[in-house]
Each structure stands twice: as structure tokens, then as C-alpha cells.
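To start, the structure itself, in C-alpha cells.
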Amino acid sequence: MTSSGILRSVAPHLTTLTGMSANSFGIYHDLIRSSGATTSPLGDTFEATVAAYNFGRLTLFDRQLIGADHRREPAQIRRDGFEHYYLQVLRSGRMMGGRVGEERQLAPGDAVLFDATQPMRTLVADADYVTVILARDLVEAAAPNAQHLHGRILPKVKTGSLGEAVLSLIRCAPSFSDNLAGGGNQFIAGVLGEIQGRSEESYDDVIDGNDLELARRLKAEVFIDNNLGSDLNADIVARSIGVSRASLYRALRAVGGVEAVITSRRAARLRSLILRPGKKISIGRMAHKVGFSSLSHCSRAFKQVYGQPPDQLRAILRDDAPSAAQALHVERMQDWYRAMND
């Protein structure tokens with residue numbers, strides 16, 4: 001900690017769960033239950049890495065997750081009485097979220113707001129995403145009608161995309177002080193205040209109404225995720241999923257293009273490998289394993305997505321090796337959510 005009170009390169013509260021972990025899904029289920037939701041497996045594969053930063057009235061969760069269906073249902077709402085808000089922002093990958101029965105596919109950078117007093121559902125096939133937990137009174141001081149935004153993909157405002165702002169926030173989280181976290185709270189609430197009261201058409205603008213292009217995007221993303229270690233480019237992806245290059249470009253244009261999707265998913269997979277406990281292999285070998293052509297390209301791409309090069313992340317984890325005091329566990333999360341809702 002510096003004299004100004006700003007934390008430098010602080011390791012998050014962290015848990016990593018893989019198919020090799022004993023009762024890995026059960027552990028994740030219990031963590032999520034602390035937040036007032038239930039979760040069930042989605043598909044045959046489950047993996048999770050959850051890093052958390054808590055600043056009292058602002059909590060950030062940085063997740064890489066495969067195969068989980070999350071719900072908050074009326075019985076849970078009545079039982080715990082939670083009233084906080086939370087934002088989910090997709091960094092890369094495939095996930096759906098929204099009101100129960102109205103879930104929509106998210107694109108990278110999309111932000112969805114949820115009100116804990118209303119039912120919701122999030123389905124995560126394979127995604128790298130951020131959740132921000134916000135105190136209700138702080139949100140509604142700036143956005144009194146924020147509850148009407150529940151389950152919606154939020155449109156951009158004059159100051160830009162809330163999703164991109166949240167992703168920038170999580171990149172800075174290791175060096176936050178409580179004062180900076182308070183500023184983050186106010187910024188998010190202020191943007192929600194700008195968004196509330198928008199016309200229905202403004203929400204429709206952020207939803208891809210072209211079902212054919214959405215289907216092509218998802219097909220391409222599944223192929224990319226399953227072949228990260230291979231040589232990938234637009235020609236290979238288009239040929240492999242049976243579409244023209246022009247069709248592929250149109251389908252992925254809204255999410256940054258073919259190369260951007262490939263690079264962000266490789267960076268996400270590398271981060272998952274770095275965070276995974278056990279025998280450590282070199283960054284160079286891991287970069288090659290997930291398909292990066294060189295270590296320098298890997299480092300640049302990783303820093304662009306996560307705000308630090310991969311070797312710096314590994315050094316932080318090594319210097320602040322996970323311990324009982326730093327682990328993310330049920331009792332710690334229960335304390336956070338109780339404090340958020342006091």
C-alpha cells in the first residue's frame with residue numbers, strides 16, 4: 001500500500017474449479033447460493049475461475065466459466081430479502097441473460113442490469129465476464145427508476161458504453177483504494193441515470209434482430225473456442241462452418257471482427273491456465289498451446305484485454321500465493337452480500 005492508500009498489484013480473492021477438482025460444481029453451487037441464486041450444470045463440461053475484489057459497497061467478480069445455468073427465483077427473493085443491483089458484462093465468449101423466459105444472447109461489451117428483487121436467469125456456455133454488485137440506495141440516488149432496466153441489455157449513452165467502462169474498471173481493480181471504488185460506484189449509477197427513461201426503440205437498437213447472422217456468429221464462436229490451439233483465420237473459420245468469408249465478416253462485425261474474437265478467446269484461455277493451481281509451465285508454452293504465434297504478440301494481446309501482461313499476473317499470484325485468508329469461500333461471500341444489503 002502506498003502513502004496515498006492505493007493498493008498496488010493486490011491479488012484477488014480467488015477460487016479455481018476444474019473437472020479434476022473434487023466436487024467442483026458443488027463448491028461453485030454453494031458460492032453462488034451465497035448471492036441468492038441457484039445454479040445447475042449446462043452441458044457435460046464444467047470449469048470455473050472466479051476472482052473477487054470487495055470494497056464494501058462495491059464488489060467485482062471476474063469470472064471465466066464453462067457450463068452453468070444461474071437463476072434467481074421468487075422463493076429465494078422472499079427468503080433472503082436481498083435488494084442490491086448487479087451488472088453482468090461479457091468480455092468474450094457465449095452467454096445469455098435476462099428476465100426468466102426473455103433471455104438474450106450477449107455480444108462482447110454488452111451489459112445487463114439485474115435487480116435482486118426480481119427473477120432472472122443467466123446461461124453460460126463458455127464465457128469470460130464481469131459481475132459488479134451495487135448497493136441499491138447508491139444506484140437509486142442517481143437512477144430512481146433503475147428497477148425498470150432489469151434484465152435489459154443496456155444501450156450506449158453520450159459518454160460511451162457502460163460495458164466497456166466496467167471492463168476498464170475491473171482492469172484497474174488491483175490498484176483500487178476504497179475512495180476510487182466509491183468513484184466507480186458513482187460513475188456506474190450516473191450512467192444508469194442517463195439510460196433510464198429511454199424509449200423502447202433505444203433498447204431494440206442493441207439487440208441483433210438478424211437471426212441468421214446471430215446463428216452464424218454463435219457457430220463461428222463455438223468453432224473458434226474448440227480450435228484455439230490450431231492455426232485460425234477468417235478463411236479457415238468460414239470454410240469449417242460452411243459459410244462465405246463475406247457472411248462471416250458480417251456476422252462478426254458487431255463484435256470486433258474475426259481476428260478480435262480469436263485473440264480475445266485465446267487471451268481468456270491463457271488467463272485460465274495461469275490462474276489454475278498445480279504444476280506451472282512457462283508462459284511461452286502456454287501461449288503456444290492456446291494458439292498465439294509468438295510470446296510478444298501474446299503479451300500485447302493479453303495486456304490489451306486484462307490491463308497487465310501475463311507474466312505480471314503470474315508474479316502477483318506467486319507473491320500473494322492463495323491462502324486461507326485470500327481464498328474465496330462461502331462465509332466470505334455471505335458477509336459481503338449481508339453488508340451490501342444492510
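The values are calculated or read from the model by the stated rules, or taken from the named source; none is laboratory data. What you are looking at is a predicted structure, and each value in this text was computed from that prediction instead of being measured. Backbone-built Cβ (ideal geometry, glycine too); neighbour counts: all protein chains shown.
With respect to T117, determine if the residue is crowded, with 18+ Cβ neighbours inside 10 Å and either within 14 Å of the chain's Cα centre (by Cα) or farther than 30 Å from L273 by Cα (or both). No; evaluated as a whole, the condition is false for this residue.
There is at least one residue in the range 53-73 that is surrounded by fewer than 23 Cβ atoms within 10 Å (Cβ to Cβ), more than 22 Å from E140 (Cα to Cα) and touching a His at 6+ places or on another chain (Cβ under 9 Å). Scanning the range 95-113 finds one or more residues that are of a type in the set (K, R) and farther than 24 Å from Q334 by Cβ.
For the range 161-191, a tally of residues being modelled with pLDDT of 80 or more and over 20 Å from the mean Cα position of the chain (by Cα) returns 2.
Each row is one residue, and each column tells you yes or no for (1) in contact (Cβ under 8 Å) with a residue 40 or more places away in the chain; (2) touching a strand residue (DSSP E or B) at 6+ places or on another chain (Cβ under 7 Å); (3) of a type outside the set (V, I, T); (4) not assigned by TED's automatic domain parsing to the domain that holds R253.
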| site | (1), (2), (3), (4) |
| --- | --- |
| F55 | yes, no, yes, yes |
| R71 | yes, yes, yes, yes |
| R78 | no, no, yes, yes |
| F82 | yes, no, yes, yes |
| L106 | yes, yes, yes, yes |
| D110 | yes, yes, yes, yes |
| F114 | yes, yes, yes, yes |
| Q118 | yes, no, yes, yes |
| V124 | yes, yes, no, yes |
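Residues that are farther than 14 Å from C298 by Cα, among the basic types (K, R) and surrounded by 16 or more Cβ atoms within 10 Å (Cβ to Cβ) within the range 231-275 comprise just one, R250. Please state which one of E221, E201, E194 is assigned to a helix (DSSP H, G or I), of a type outside the set (A, V, I, L, M, F, W, C) and at pLDDT below 85. The match here is E201.
Within the range 43-121, considering only strands (runs of 3 or more DSSP E) that don't extend past its boundaries, which have at least 1 residues that are within 17 Å of H29 (Cα to Cα)? Show your work before the answer.
On the way: elements: 47-54, 58-72, 85-98, 111-115.
Output list reads 47-54, 58-72.
Please tell me if Q118 is of a type outside the set (D, E) and either modelled with pLDDT under 95 or closer than 21 Å to S161 by Cβ (or both). No.
From I6, I32, grab the single residue that is in contact with a Ser or Thr (Cβ under 8 Å, 6 or more places away or on another chain), at pLDDT 70 or above and farther than 12 Å from L65 by Cα. Lay out the reasoning, then the answer.
Working: I6 fails: at pLDDT 70 or above.
After applying the criteria, what remains is I32.
Taking the numbered list (1) of a type in the set (V, I, T); (2) touching a helix residue (DSSP H, G or I) at 6+ places or on another chain (Cβ under 8 Å); (3) modelled with pLDDT under 95; (4) surrounded by fewer than 21 Cβ atoms within 10 Å (Cβ to Cβ) in turn, V50 passes all entries but (4).
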